[in-house]
Structures are given as C-alpha cells and as structure tokens.
Amino acid sequence: MCGIIAYTGTQQAVSVILDGLKRLEYRGYDSAGIAYPDNGNLEVVKSSGKLHCLEQSLSCIPTEARTGIGHTRWATHGVPNQINAHPHLDGSQTISLVHNGIIENHAILKHWLEARGHHFVSETDTEVLVHLIADYTRQGYSVTNSLSAALSHVQGSFALALISSQHPGCIWAARHASPLVLGSGPNGYFVASDIPAFLPHTRDVVFLEDDELLVVEPSSWRLYRASSLEPLSRSVERVEWDLQAAEKGGYPHFMLKEIQEQPRVIQDCLSGRIDSVQGTVTIAEVEQLPLPSRIRILACGTSFHAGLWAKYLFEEWADIPVEVEIASEFRYRNISFSPGELALAISQSGETADTKAGLDIARGKGVPVLGLCNVLGSSIARASDAVLYTQAGPEISVASTKAMCSQMLALLLLAVYWGRGKGVLSREAEAEIVAGLGALPGDLESAIPPMRARAQDYARQFKQAKGFLYLGRGLAYPLALEGALKLKEISYIHAEGYAAGEMKHGPIALVEEDFPTCALDLGDRVSPKLFSNLQEIRARQGPVLLLAPEEVDFAEAQHWEIPGLSWPLASFAVLPAIQLFAYEMAVLWDKDVDQPRNLAKSVTVE
Ligand code: M6R
C-alpha cells in the first residue's frame, strides 16, 4: 500500500525523503511525489511510474528545503497518473498532504466541499482531506485545530502527513487504522509508514495509535488525541533492527536474500524458546494465556497458509480443534465463539486491515487474542492480549518467504508447548522434536545452495508451461497452496494449489503435456495416497515434478530430492524449494521480483 515519509530537521529534506521513499518501495506503488516549502510557497513534484522518474523530475530543481513530505502511491481511487499522485494541494496551495488509506465517505464530503467553492483536480479520495482541512484554516482555525476538526468528519482509514506554507518547519500527522511511526534522530524528526524509511537516521521511534494527531516542529514534537486535542504522553522506544537487515547486501533481489536467511531465521526464532539439554519448549509470551480449548486462526495470504499448516500440528500434538479463517471472510460472518477459545491473528506486517478487523471482532466478543507478528509495535501486535514475535527481521520483498518459515516455526513451538501443557504430547516426544529443531538450521544451511541450482534447472525446463498444478496432502497441502501463490505473484504464471485428493474432483481436467504438476511430499503416512494421485496424472501425459525426500522411490516423476527430515520438519525444506522455483521462474521471465505488479507489502485497506 502507499508509503509515507515526512522529514523536518537540519538535512536537505528532498534527498532524505527520496532515500526514505526508496526504502519504502517494497510496499508496492505506481506513482510518487514530494512536497516542500519554498520561499513562502509549497513546491510539489510528482510523477507516475517508478521512483527514478520522480528523481529525474527533481534533479533539475535546486532546493535547500529542510522540511517536506513524500509519498509512494498504490492506487485505490483513480488511475495511477501524475495528477492522482500525492502530495495533494488545497485550492490556495497553502497545505499539501500525503495519505495512506481510504476515505470511505469521500463522495459526500466532495459534494459538500464543491458547494462551498472548492475545486478538485484529481480523482482521488485523498484530495477531499486537504480541501476539508483548508476549509477550516480559511475560517481562521490553526492547522492543528483544522486537522482535528476535519478528521471528525472522515470515515475510513488514514495515515497522513501534511505541511503548510505558513509554517515552513512543521509537519502534522494523524492516523486511524493505517500505520504511522515517528522517528526521532539527532538530525531531525521523521514520520513514516514504516521504520525502514528512516532506519539510516535513527532507531528511536514513537508508534502512533489510532485517533492520534502529531505535531512536529524542528526541535520538538507533541502528541494529541485527534478528536479532543487532549495532550498525550508517549515514550520513545528503541528498535533493534539493523540497517544491514533492511538492505540487499550484494544479493540481486531481497527475495533471494530472504529465502537464504531462513536457517538464521529459524535459529533466532528458536533462541530462548527451546532448551536443547532438557529437551523442552518454553514460550514465555503466552504463559499468561489460559490453555485454549479451541483456536480460531485469522490471517490472509501466506500467513493464512502458515495457519493452515499449523492446524495439523495443533490437532496432532495438542488435540486442539482449529478453525483457520481467511480474515476478509471471517469479519463479515456471524461467528459464535466457544468458551476457552483463543483467537490467533497471524500477520507478518501486523498491519493487514482484514486481520486487524477480525482481531477487533474477537476481542469485542471477549475472546483473548494472541498476535503472531514480525513487525515490532505493529497495530496487530499492540491490539493483541499477548504477542509472539517471529523475529525474522525486516522482510522487504513483497513476496513473503522467511516470514512464513518463522510463522510455521513459532506455531510449531506453540503446538508442542500446549500439547505438553495438555498432557497430549509425551515428554519423550517433546525431546525428540526439540532435538530435530536444534539440528534444523544446520540441515537447511547446507541444503539451500544446491536447491537453488535445481530450481534454476527446473525453471528453465518448465519455462514455457501454460500453467501449474501444485498438489500436496496433509502438511504438504498448505505448502502446495503457498507454492502456487508464490509462482503466481512474482512470475504471473497461473498456478492452482490443491489438496491432492481433490484433484480428481475437477483440476485433473487441466492436465495435459504442457501443464505440469508440482507435487509436494514429506515422506509421511499420506505419501502412498499422493503417489496414487500422481499415477493418475501420469496416465494422462501430465509431467510431474516431485519434491520429496531423497529416499522416496517414484519412478514416474522427475524427483527433486529434499533432505529427508522427520515429520513435520521436512516442511522447512520444501518451503525454500518452492520459493526458489518461483524466484528462478520470475528471473527467467525478467519480472520485477521484489515489487510484483499490482501488489503491496502491507495491505492496509480492505
Ligand atoms: O502482513 P501479513 O502477513 O498480514 O500479509 C498477508 C498477505 O498480504 C501476504 O502474505 C501476501 O499474501 C504476500 N504477498 C504473499 O507473498
């Protein structure tokens, strides 16, 4: 979704903001712009397309401005062109504003403003905001009061930042249901959608909550309740993210870097949670939660697949019934919860609007919520009763890879922990799992480099395929869904993920010589059933690429050997293989791997 960065301080604002926008590129965008005060006016420079277009437009405009706002836009209302790009200006050109979110009642507000003489130039919902604020300033209200008053009329979601030509060193910002964070550094203040935007400058941050309004001056900042302008106090937090983690570090793409980081991610996620000597799992973050009698998982996209994968483990090891809900569906259904039920909201970004809405519904019904998030201080993390951080480090590529690995691992640990707590899992079984987990980072470290070479070979071989079927059973079924999603989202090749047993109920009609099947096998009790399904595909001339442990013998398919890890750990070897296959296919087709078309990293609108 849209990315915002605003800056005021001692440095050259345009270059600080441009650099921040580049660091927000991963959020996905189709146009970009910057505004800054200039000799009593506001200068706005915008362009459609990638940031280098904006950079070109800016290169011929010398400016010494020390304050400004910048934006990368992911279009919701109005096509991605220069006029619709942010920042937007009011009619008198005294206020300029950037916005992430959707103003749901924009049509009514626009109509009302037009009747009061406001003239609109763009098709965006955002433009009503800047006119609404200006309507108040022209009545004599201060910018702070105007912003507060304007927001009282707005329905929808917003994170916004604005500057005024009358107050050249100041920034105003506010949020409701869209992320916004203040960075406080030695050379100035930053307001951004996400921490990586200002990570080279500071790690000291203040997370804004919903319905808060921030006023930033060159040497101070103040926080208010947006509706009443009651002053609020908030302490500055230091985040531990290091800059290197948010940079490519010599890799051609963030996605490749993040896939290869998975052994380290597993190590970090295990750290402090397993005791290899005792053979036990401890998860301090959930100690205060009662043992759930039922779990309702809320998630979207890849996080949903991680939840679906974990369902099998909660059932197997902890005998806990689990419902895995697509959050966007869940939020509009009439759901009743049972006593002892726990809602588990899974989100890498912690900002996914539908998952957050599902969480709010559960909490509203008195159900305790556990958040499983990667981004520290994110909205879902803060709104949950307890939060388990996946500790995967910043995930920059739009396609989620290491985050899913860390989610699966954290969920596996929870299943062991609660399984032991319920007495379903024996002490010996726990110790055996812990031993396997301890060896997992090393096992993968050596497996991933040769896996990449195989992925390259298979991508070349299947480059011309007209589509792919991904099949799996049991734990491999959610992985099949994920394999298909990865291929679709970065290489734009159509792929279907299916439970292998469902294949005969429809998708088998797709099978032909140029429609390969990628079958995922973990070498477990459902393997023979999978192989029967694959025979059916072979009988219809469908090529089969089988990802399976080395020892598997299935002559009818091309065998991509994965390390023979015990159940369920083989999943952690299949995951990087399907990610690498999608990656290599996208590279072969010369696609924009890290920023696939139409996609956004944090889906902060419905
Ligand atoms: O930040 P979240 O985990 O809540 O994001 C959920 C989905 O938007 C995300 O997983 C999406 O499907 C990715 N593009 C998948 O690679």
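Counting only residues that are within 14 Å of the ligand (Cβ to nearest atom) and in a strand (DSSP E or B), which one in the stretch 282-317 is nearest to the chain's Cα centre (by Cα)?
Ala299
Under the condition of being among the aliphatic types (A, V, I, L, M) and surrounded by 23 or more Cβ atoms within 10 Å (Cβ to Cβ), which residue from the stretch 66-101 is nearest to Gln595 (Cα to Cα)?
Within the stretch 66-101, the match that is nearest to Gln595 (Cα to Cα) is Ala85.
Considering only residues that are away from the ligand (no atom under 14 Å from the Cβ), under 29 Å from Glu240 (Cβ atoms) and assigned to a loop (DSSP other than H, G, I, E, B), which ones fall in the stretch 352-376?
First pass over the stretch 352-376, keeping only residues away from the ligand (no atom under 14 Å from the Cβ): 360-370.
Right, trim to under 29 Å from Glu240 (Cβ atoms) and you get 360, 363, 368-370.
Answer for the stretch 352-376, where residues must be away from the ligand (no atom under 14 Å from the Cβ), under 29 Å from Glu240 (Cβ atoms) and assigned to a loop (DSSP other than H, G, I, E, B): just Pro368.
I'm checking my understanding of the structure. Among residues of the stretch 150-166 that are in a loop (DSSP other than H, G, I, E, B) and within 30 Å of the chain's Cα centre (by Cα), which one is surrounded by the most Cβ atoms within 10 Å (Cβ to Cβ)? Give the derivation first.
From the stretch 150-166, those in a loop (DSSP other than H, G, I, E, B) are 152-155, 165-166; that's our starting set.
Remaining after also requiring within 30 Å of the chain's Cα centre (by Cα): 152-155.
Numbers: Ser152: 11, His153: 15, Val154: 22, Gln155: 13.
The selected residue is Val154.
When you look at Gln535, is it outside any loop (DSSP other than H, G, I, E, B), within 16 Å of the ligand (Cβ to nearest atom) and among the polar types (S, T, N, Q), yes or no?
No: the conditions fail for Gln535.
Within the stretch 339-351, how many residues are away from the ligand (no atom under 13 Å from the Cβ), touching a Pro at 6+ places or on another chain (Cβ under 9 Å) and not in a strand (DSSP E or B)?
Summing the residues that are away from the ligand (no atom under 13 Å from the Cβ), touching a Pro at 6+ places or on another chain (Cβ under 9 Å) and not in a strand (DSSP E or B) in the stretch 339-351 gives 1.
Hey, can you tell me all the residues within the stretch 274-295 that are surrounded by fewer than 12 Cβ atoms within 10 Å (Cβ to Cβ) and either within 17 Å of Arg363 (Cβ to Cβ) or of a type outside the set (Val, Ile, Thr) (or both)?
Once the filter is applied, which keeps residues that are surrounded by fewer than 12 Cβ atoms within 10 Å (Cβ to Cβ) and either within 17 Å of Arg363 (Cβ to Cβ) or of a type outside the set (Val, Ile, Thr) (or both), the stretch 274-295 yields Ala284, Glu287, Gln288, Pro290.
Mind listing whichever residues of the stretch 9-45 are part of a strand (DSSP E or B) and aromatic (Phe, Trp, Tyr)?
Tyr36
Taking into account only those residues within the stretch 27-41 that are at negative phi and modelled with pLDDT under 90, which is surrounded by the fewest Cβ atoms within 10 Å (Cβ to Cβ)?
Asp30
Kindly evaluate Ile266 against the criterion of being in contact with a strand residue (DSSP E or B) (Cβ under 9 Å, 6 or more places away or on another chain) and either within 16 Å of the ligand (Cβ to nearest atom) or among the aliphatic types (A, V, I, L, M) (or both).
no
Mind listing just one residue for me: the one in the stretch 318-338 that is farther than 25 Å from Ala480 by Cα and more than 16 Å from the ligand (Cβ to nearest atom) and, of those, surrounded by the fewest Cβ atoms within 10 Å (Cβ to Cβ)?
Asn334
For the stretch 562-606, which positions are surrounded by fewer than 20 Cβ atoms within 10 Å (Cβ to Cβ) and in a helix (DSSP H, G or I)?
Passing the criteria: Val587, Leu588.
Keeping to the stretch 465-487, report how many residues are closer than 14 Å to Phe581 by Cβ, within 16 Å of the ligand (Cβ to nearest atom) and of a type in the set (A, V, I, L, M, F, W, C).
5
Is there a residue being small (Gly, Ala, Ser) and over 21 Å from Thr401 (Cβ atoms) anywhere in the stretch 289-296?
Yes, the stretch 289-296 contains at least one residue that is small (Gly, Ala, Ser) and over 21 Å from Thr401 (Cβ atoms).
Quick one: would you say Ala447 is surrounded by fewer than 24 Cβ atoms within 10 Å (Cβ to Cβ), away from the ligand (no atom under 16 Å from the Cβ) and under 21 Å from Glu351 (Cβ atoms)?
no
Of the residues that make up the stretch 180-195, is at least one touching a Pro at 6+ places or on another chain (Cβ under 7 Å), modelled with pLDDT under 95 and buried (at least 24 other Cβ atoms within 10 Å of the Cβ)?
Yes: one or more hits.
So which of Glu482, Glu496 ends up being free of Cβ contacts under 8 Å to residues at least 60 places away in the same chain and acidic (Asp, Glu)?
Of the residues listed, the single one that is free of Cβ contacts under 8 Å to residues at least 60 places away in the same chain and acidic (Asp, Glu) is Glu496.
Only residues that are at pLDDT below 95, basic (Lys, Arg) and under 20 Å from Phe158 (Cβ atoms): list them for the stretch 196-240, please.
If the condition is that a residue be at pLDDT below 95, basic (Lys, Arg) and under 20 Å from Phe158 (Cβ atoms), then Arg234 is the only one that fits.
Can you tell me which condition Leu51 does not meet? The list is (1) farther than 25 Å from Gln155 by Cβ; (2) of a type outside the set (Ser, Thr, Tyr); (3) over 22 Å from the mean Cα position of the chain (by Cα); (4) surrounded by fewer than 22 Cβ atoms within 10 Å (Cβ to Cβ), and all the others hold.
(3)
Can you tell me which of Arg273, Arg294 is farther than 21 Å from Thr355 by Cα, touching a residue at least 24 places away in the same chain (Cβ under 8 Å) and of a type in the set (Lys, Arg)?
When all the criteria are applied, what remains is Arg273.
Which count do you get for residues in the stretch 130-163 that are in contact (Cβ under 8 Å) with a residue 40 or more places away in the chain and either on the phi > 0 side of the Ramachandran plot or of a type in the set (A, V, I, L, M, F, W, C) (or both)? Before you say what the answer is, go through the steps one by one.
Residues of the stretch 130-163 that are in contact (Cβ under 8 Å) with a residue 40 or more places away in the chain, as a first pass: 130-131, 133-134, 137-138, 143-145, 147-148, 151-163.
From what's left, either on the phi > 0 side of the Ramachandran plot or of a type in the set (A, V, I, L, M, F, W, C) (or both): 130, 133-134, 143, 147, 151, 154, 156, 158-163.
Residues meeting the conditions: 14.
Out of the stretch 388-434, which residues are surrounded by fewer than 24 Cβ atoms within 10 Å (Cβ to Cβ), more than 14 Å from the ligand (Cβ to nearest atom) and within 18 Å of the chain's Cα centre (by Cα)?
Gln391, Gly393
Looking at the stretch 312-329, which of the residues that are of a type in the set (D, E, K, R) and in contact (Cβ under 8 Å) with a residue 40 or more places away in the chain is farthest from Arg525 (Cα to Cα)?
Here the answer is Asp319.
The values are calculated or read from the model by the stated rules, or taken from the named source; none is laboratory data. Remember, predicted model here, so these are calculated numbers, not experimental data. Cβ: placed from backbone, ideal geometry, glycine included. Neighbour counts: every protein chain shown.
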